[in-house]
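This report concerns only the one structure given below.
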Amino acid sequence: MPEVAAPGAFVQPCTSVVMPCYNESATLEQVVKRVLESPYVSELVIVDDGSKDGTLDIARGLTDPRVRVFEQPFNQGKGAALRRGFGEATAPFVIVQDADLEYDPAEYSQVLVPLLDGRADVCFGSRFLGGRPHRVLYFWHSVGNKFLTTASNMFTNLNLTDMETCYKAFRREVIQSIEIEENRFGFEPEITAKVARGGWSVYEVGISYSGRTYAEGKKIGWKDGMRAIYCILKYSNLGQRFRR
């Protein structure tokens with residue numbers, strides 16, 4: 001188990017970063033640079049999800065040996081890309097990184113610490129804890145997020161503040177033991193429910209957030225919110241009884 005490093009101390013690379021990409025040519029190179037600057041990163045697994053804007057060409061042009069690029073045959077969604085990426089991960093820990101600039105890879109240390117010191121099997125980075133900076137954007141998005149997180153908590157008996165966060169980190173054997181069924185943004189409530197059902201130790205830490213507008217490339221919409229409600233019910237213990 002890699003040790004938790006004191007500030008300024010040597011950090012052992014121990015993390016697979018899984019990055020799903022769909023039409024992110026404007027930001028991919030910059031976010032990859034930030035990811036690879038983290039001393040915790042041993043590999044970056046990029047899964048291009050059928051991009052049509054040159055994202056795949058940019059990814060294939062990256063020369064750092066830690067970068068591994070995989071191509072989906074057509075656009076299937078974030079969950080499908082993550083399913084592929086998790087299966088390819090080889091490091092002891094795995095963290096999800098979107099290919100935009102909303103989340104800061106410099107904060108990997110905060111999300112990974114509960115895993116590195118053996119307290120947690122899974123750690124969520126919350127945009128609503130710790131008073132860290134976040135860009136002020138859509139009111140109804142924040143309302144929807146809090147509603148979905150509360151609904152998820154009711155069915156999982158967890159007390160998360162940000163179920164929909166991108167920054168989810170796992171021990172590799174945990175995430176690779178979970179069958180991911182959702183192809184789109186339903187991944188978030190699905191993985192939360194399955195982690196809760198698995199009885200793994202879950203931590204949550206505060207992170208910053210620099211959200212983007214729809215004009216800047218934000219993709220999630222109200223239909224994904226409706227799907228999230230369905231997934232909260234479907235993957236809960238109650239939902240599993242009806243599926244049997």
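The values are calculated or read from the model by the stated rules, or taken from the named source; none is laboratory data. What you are looking at is a predicted structure, and each value in this text was computed from that prediction instead of being measured. Every residue, glycine as well, gets a Cβ built from its backbone with ideal geometry; the counts of neighbours run over all protein chains shown.
Residues of region 163-177 that are surrounded by fewer than 22 Cβ atoms within 10 Å (Cβ to Cβ) and either free of Cβ contacts under 8 Å to residues at least 60 places away in the same chain or under 13 Å from Ala228 (Cβ atoms) (or both): Glu173, Val174, Ser177. Within region 19-48, the residues that satisfy the criterion of being part of a strand (DSSP E or B) and hydrophobic (A, V, I, L, M, F, W, C) are Met19, Cys21, Val41, Leu44, Val45, Ile46, Val47.
Matching residues to (1) assigned to a helix (DSSP H, G or I); (2) more than 23 Å from Ser109 (Cα to Cα); (3) modelled with pLDDT of 95 or more:
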residue	(1), (2), (3)
Ala151	yes, yes, yes
Glu164	no, no, no
Phe170	no, no, yes
Ile178	no, yes, yes
Pro189	yes, yes, yes
Trp200	no, no, yes
Arg212	no, yes, no
Gly217	no, yes, no
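With respect to the stated conditions, Arg119 fails to be in contact with a strand residue (DSSP E or B) (Cβ under 9 Å, 6 or more places away or on another chain), surrounded by fewer than 21 Cβ atoms within 10 Å (Cβ to Cβ), not aliphatic (A, V, I, L, M) and not in a loop (DSSP other than H, G, I, E, B).
Looking across region 88-101, the residues that are in a loop (DSSP other than H, G, I, E, B), surrounded by 22 or more Cβ atoms within 10 Å (Cβ to Cβ) and within 13 Å of the chain's Cα centre (by Cα) come down to Gln97, Ala99. Selection of region 178-208 for residues being surrounded by 17 or more Cβ atoms within 10 Å (Cβ to Cβ) and acidic (Asp, Glu) yields Glu182, Glu188, Glu190, Glu204.
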